[in-house]
Each structure stands twice: as structure tokens, then as C-alpha cells.
1. Just for segment 211-238: of the residues that are under 12 Å from the mean Cα position of the chain (by Cα) and hydrophobic (A, V, I, L, M, F, W, C), which one is nearest to ILE5 (Cα to Cα)?
2. Failed condition for VAL258, given (1) farther than 24 Å from GLY179 by Cβ; (2) surrounded by 20 or more Cβ atoms within 10 Å (Cβ to Cβ), with all others met?
3. I'd like the residue in segment 162-205 that is charged (D, E, K, R) and farther than 13 Å from ASP151 by Cα and, out of all such residues, is surrounded by the most Cβ atoms within 10 Å (Cβ to Cβ).
4. Being over 28 Å from ILE28 (Cβ atoms) and either surrounded by fewer than 17 Cβ atoms within 10 Å (Cβ to Cβ) or not hydrophobic (A, V, I, L, M, F, W, C) (or both) is the filter here, so list the residues in segment 63-98 that pass it.
5. If you check THR148 against the conditions, is it of a type in the set (Ser, Thr, Tyr) and over 25 Å from ARG91 (Cα atoms)?
6. Kindly check whether there is at least one residue in segment 82-97 that is under 16 Å from VAL11 (Cβ atoms), out of contact with any Asp or Glu (no Cβ under 6 Å at 6 or more places or on another chain) and not small (Gly, Ala, Ser).
7. What are the residue pairs meeting all of these: first residue in segment 239-256, first residue within 15 Å of ASP151 (Cα to Cα) and in contact (Cβ under 8 Å) with a residue 12 or more places away in the chain, second residue among the polar types (S, T, N, Q) and part of a loop (DSSP other than H, G, I, E, B), Cβ atoms under 8 Å, and 6 or more apart or on different chains?
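We did not get these values from a lab; they are worked out from the coordinates using the rules stated. Everything numeric in this text was worked out from a predicted model, so none of it was measured. Because the Cβ atoms are built from the backbone with ideal geometry, glycine has one as well, and the counts that use them run over all protein chains shown.
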Amino acid sequence: MIVGIIGAGAVGAATGLALIERQVCRDIVLIDSDPAKAAGTALDLRYATPLTPAVEVNAGSYDLLTGAKLVIVTAGVNEGAGGAIDRSDPRGRLRLAADNARIYADIVPKVVQAAPQAVLMVVTDPPDPLADITRGLAGHSRVFSTGTLLDSLRFRVHLAKRLAVQADDVSAMVVGEHGTSQVLLWSSATVAGRPVMDLLGHNGHADAVRRDIEHGVRFANIAIIEGTGASRYGIAAVAARLAAAVLRDERVLLPVGVYHPGYGTTLSLPAVVGADGVHRVIEPAMTPDEQCALERSASILRAATEQCGEALDLAALHG
């Protein structure tokens, strides 16, 4: 079973290793605009394969994607290079939308020509508008983004630390944009069936903890980039987990980005992920304030997708 990774940068390389360790596919194909970089990354990864069940790692042209079941796209301008690391800028990752839409306009048609039946997973920031653009470029709906799955994991980790429990014991979710307008669903966050707000208490201290956690989750990517230059390992683990859901047709419920007609855009809500990508969406119960925040997030994402479309139209005019 072939899985393609487009982009051999920090995220693409980490995703390749995560796929090898998760043992979900037989063949991994790396493609990059710099063929030497893809070849070197593939060689490095290949030396890890004797420690796992048989898997081949190769680099080359899009023709190697023939028969691929899943293609993961990580290519594009990253947050550091694109200047999306200012906590005071409400656009956040959306600053990268137009530039990365142009890159996707080159990549996606080549992927579809080589692997017309493949599911396409969008990882590049900002993943939600780019998934919308990918859906149009691909001409099919087997497209989803990693969305807010990583944000949800971060939410659980922060809550677990505050409550002195394991993150696996925390049930909590982030919906909407993978970005600054994301919505942390405090109303449904629980530990052992107990609402986390009850466990934190209803006082000024609990409100301060909530603000601190929201800030930590919302700007986790910037904190990581300031320390290492790139956020890679968490998102790679997420991409590999979602790859397993597709390749094994798990029908597992995870918050990923998919187009929602009711909101007129791609955003994250709990979705059933399986062999064809997203099979259906189950919208969670939300408080009126959370619902309002989600609608605001959808509005921001619609505007970002329009910006991407305008960038592609302008590129076509000057092409």
C-alpha cells in the first residue's frame, strides 16, 4: 500500500518517520521541489526500516504515486519563513494562505493525474483554506485537513498537567480553525465523566487557569518555533494517526477539517475518518457562546479561502 508525502521539509520528514514507526503502509514515496532533498531524506529514513516490518522508502517523480491510497501534502512556506509568528497578529497562520495556495495549484493537479483515486490529506498551514482549494483543484471530495486534531491533543495535555492526571484520561476537543479563531469546547471537556470546570472550581483562579490554557493551546506553534525553528513532531504524529485511520478504514471519530455546506467552508468538527477520507460529521453539543465562536471562526475561514481563490486567479492572469 503506497502513501505519498509531498514536501520533504521538517514536517514531511517527521511524518515519514512516524509512518514507519506506526507500521501502516508498505511503501512511502517522498516528493519535493528539490529532488536531492527528497532523495537524502528518503535515504535517511530507509536506514530506520530494518527495525520495523518491511517498508520501502523511495523518492522521485509524481509517477511513483501511481496506485497510492493516500497522499499527504506538507509542502509550502512555513510559519517562520512566512512571518506567521506574531502573537498579536490575529491572522496567524492565515498569513500563509495566498502563497501556499499558489504552491498547491502546482502540486495538486500532478498528484491527481498520478493517483486519481487517492485520498488527499492537507497538512500545510493554513490547512483549512488549503483543503478547500485542494477540493476544487482535485475535482473530488476525498480531501480533508489535519484540522484541530493537534490542537485538541494540546488542550488535553494542558488540562492533564493542571489536573495532575494523564492526558489519555482527559476528553476534550478544539473545533473550528487550526489557528487563532479556534474554539476550545470547555463545556464538554471531562475527566472520568466529571466536567473539567467543576474540577478546576468556579472562582477567579479557575478563570485565570482557563485563560492560561487557552493561550498555551492557541499559540503552542509559536512557542515551539521560537525554541526549535519548526513545529514538526506533534503534527507528524497526527498525520500518521490519520493515515492509519484511512488505510485501515477505521471509521474513527476525530476532529479534522472537512468542507461543511452549513458553514460554507472547511473547518474542524468531529468526523468519522475511514477509507474514503471523511464519511460523515457529528456536530457536538455547544453552548451559545461556543456556537457563536464557531460561526465567527467559519466566517474568518471563508474569507481566507476567498483570498486563496483571488491569489490563484491573479496567478492565472499573469501565468
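1. Selected residue: ALA236.
2. Unmet condition: (1).
3. For segment 162-205, the residue satisfying everything is ARG162.
4. Once the filter is applied, which keeps residues that are over 28 Å from ILE28 (Cβ atoms) and either surrounded by fewer than 17 Cβ atoms within 10 Å (Cβ to Cβ) or not hydrophobic (A, V, I, L, M, F, W, C) (or both), segment 63-98 yields GLY83, ASP86, ARG87, SER88, ASP89, PRO90, ARG91, GLY92, ARG95.
5. For THR148, the condition - of a type in the set (Ser, Thr, Tyr) and over 25 Å from ARG91 (Cα atoms) - is not met.
6. No, the conditions are met nowhere in segment 82-97.
7. Cβ pairs passing all conditions: ALA239/THR74; ALA239/THR146; LEU242/THR146; PRO255/THR148; VAL256/THR146; VAL256/THR148.
Rundown of residues vs (1) touching an Asp or Glu at 6+ places or on another chain (Cβ under 9 Å); (2) crowded, with 23+ Cβ neighbours inside 10 Å, yes/no style:
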{"residue": "VAL273", "(1), (2)": "yes, yes"}
{"residue": "HIS279", "(1), (2)": "no, no"}
{"residue": "GLU283", "(1), (2)": "no, no"}
{"residue": "THR287", "(1), (2)": "no, no"}
{"residue": "GLN291", "(1), (2)": "no, no"}
{"residue": "SER297", "(1), (2)": "yes, yes"}
{"residue": "ALA303", "(1), (2)": "no, no"}
{"residue": "ALA311", "(1), (2)": "yes, no"}
